[in-house]
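Novice: Let me give you the structure first, and then I'll get to my questions.
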Amino acid sequence: MNARISRALALFLALAAIAGSARAGNSLWLHVTVDESGGAKVTVNLPLALAEKALPLIPFEEKMRWDRHEHLGMELAELRSLWAEVKNSPDMTFVTVEEDSERVKVWKEKSFVYVEVRGDEGDEQVDVQVPMEVVDALVGGEKIDFAAAIQALAARGGGELVSVRDRADQVRVWIDETPEARQSGP
């Protein structure tokens with residue numbers, strides 16, 4: 001992990017402080033924990049509604065990069081077409097790559113798309129699970145729509161989204177109904 005991740009999470013932490021008036025029992029919470037070996041330990045507990053409200057705080061230049069699809073490497077129409085094929089396919093493994101000391105697998109199962117990365121001897125583990133309705137919301141409008149994706153996450157409810165572990169560092173992102181992050185999982 002690097003200092004950029006820590007700084008970005010510190011921004012989220014500051015936003016979480018603004019959300020002190022949010023009531024724990026009435027909303028979902030986005031949790032991010034980062035534990036860098038010999039470095040930062042960051043815990044973010046952010047009401048999901050506040051995460052949506054914070055989107056306008058993203059710098060204009062960064063928004064323009066997403067609007068121009070520079071992060072995607074393809075036009076939005078191409079992405080939508082690709083997503084439609086994935087969504088309408090049966091549950092299956094799309095990609096498995098085994099090379100030297102790493103294995104990457106991407107598959108669809110029920111209402112999720114999964115990405116799994118495994119390093120040799122447990123050096124690195126990455127697990128990502130994305131609800132399909134969140135991707136639908138993200139690419140369903142005229143532009144990439146993060147607010148719609150957050151709303152879709154809220155409608156879906158809680159669950160694990162991202163887990164990254166290597167020998168020294170850990171990052172975890174999940175949603176649940178509790179205002180405080182629990183290390184053992186949702």
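Novice: Only residues in the stretch 161-183 that are more than 16 Å from residue 128 (Cβ to Cβ) count as the first member; pair them with residues that are β-branched (Val, Ile, Thr) and assigned to a strand (DSSP E or B), Cβ under 6 angstrom, at least 6 apart or cross-chain, and list the lot.
Specialist: Pairs found: 181/33; 181/43.
Novice: Suppose the filter is modelled with pLDDT of 85 or more and part of a strand (DSSP E or B); does residue 86 pass it?
Specialist: no
Novice: Name the single residue, out of those in the stretch 136-148 being over 10 Å from residue 55 (Cβ atoms) and not charged (D, E, K, R), that is surrounded by the fewest Cβ atoms within 10 Å (Cβ to Cβ).
Specialist: Taking the candidates together, the pick is 141.
Novice: Here is a list: 80, 118. Which entry is basic (Lys, Arg), touching a helix residue (DSSP H, G or I) at 6+ places or on another chain (Cβ under 9 Å) and modelled with pLDDT of 85 or more? If you could, list the steps in order and put the result at the bottom.
Specialist: Values: 118 fails: touching a helix residue (DSSP H, G or I) at 6+ places or on another chain (Cβ under 9 Å).
80 is the lone residue from the list that is basic (Lys, Arg), touching a helix residue (DSSP H, G or I) at 6+ places or on another chain (Cβ under 9 Å) and modelled with pLDDT of 85 or more.
Novice: Now for a different question. Quick one: residue 48 ticks every box in (1) within 19 Å of residue 149 (Cα to Cα); (2) in contact with a strand residue (DSSP E or B) (Cβ under 7 Å, 6 or more places away or on another chain); (3) surrounded by 16 or more Cβ atoms within 10 Å (Cβ to Cβ); (4) at pLDDT 90 or above except a single one, so which number is it?
Specialist: Only one criterion in (1) within 19 Å of residue 149 (Cα to Cα); (2) in contact with a strand residue (DSSP E or B) (Cβ under 7 Å, 6 or more places away or on another chain); (3) surrounded by 16 or more Cβ atoms within 10 Å (Cβ to Cβ); (4) at pLDDT 90 or above is unmet by residue 48, namely (4).
Novice: Which condition does residue 110 not pass, out of (1) on the phi < 0 side of the Ramachandran plot; (2) touching a residue at least 12 places away in the same chain (Cβ under 8 Å); (3) of a type outside the set (S, T, N, Q), if it passes all the others?
Specialist: (1) is the only condition that residue 110 fails.
Novice: Output the number of the condition that residue 138 fails; it satisfies all remaining conditions of (1) modelled with pLDDT of 90 or more; (2) at negative phi.
Specialist: (1)
Novice: Give the residue that is surrounded by the fewest Cβ atoms within 10 Å (Cβ to Cβ), with candidates limited to residues of the stretch 149-186 that are of a type outside the set (Val, Ile, Thr) and in a helix (DSSP H, G or I).
Specialist: 155
Novice: Can you find a residue in the stretch 12-35 that is more than 21 Å from residue 158 (Cα to Cα), in contact with a Gly (Cβ under 8 Å, 6 or more places away or on another chain) and either among the aliphatic types (A, V, I, L, M) or at pLDDT below 90 (or both)?
Specialist: Taking every residue of the stretch 12-35 in turn, none turns out to be more than 21 Å from residue 158 (Cα to Cα), in contact with a Gly (Cβ under 8 Å, 6 or more places away or on another chain) and either among the aliphatic types (A, V, I, L, M) or at pLDDT below 90 (or both).
Novice: Would you mind finding the one in 126, 117, 97, 113 that is closer than 22 Å to residue 28 by Cβ, assigned to a strand (DSSP E or B) and of a type in the set (A, V, I, L, M)?
Specialist: Of 126, 117, 97, 113, the one residue that is closer than 22 Å to residue 28 by Cβ, assigned to a strand (DSSP E or B) and of a type in the set (A, V, I, L, M) is 113.
The values are calculated or read from the model by the stated rules, or taken from the named source; none is laboratory data. Note that this is a predicted model, so its numbers are computed, not measured. As a convention, Cβ positions derive from the backbone with ideal geometry for all residues, glycine included, and neighbour counts pool all protein chains shown.
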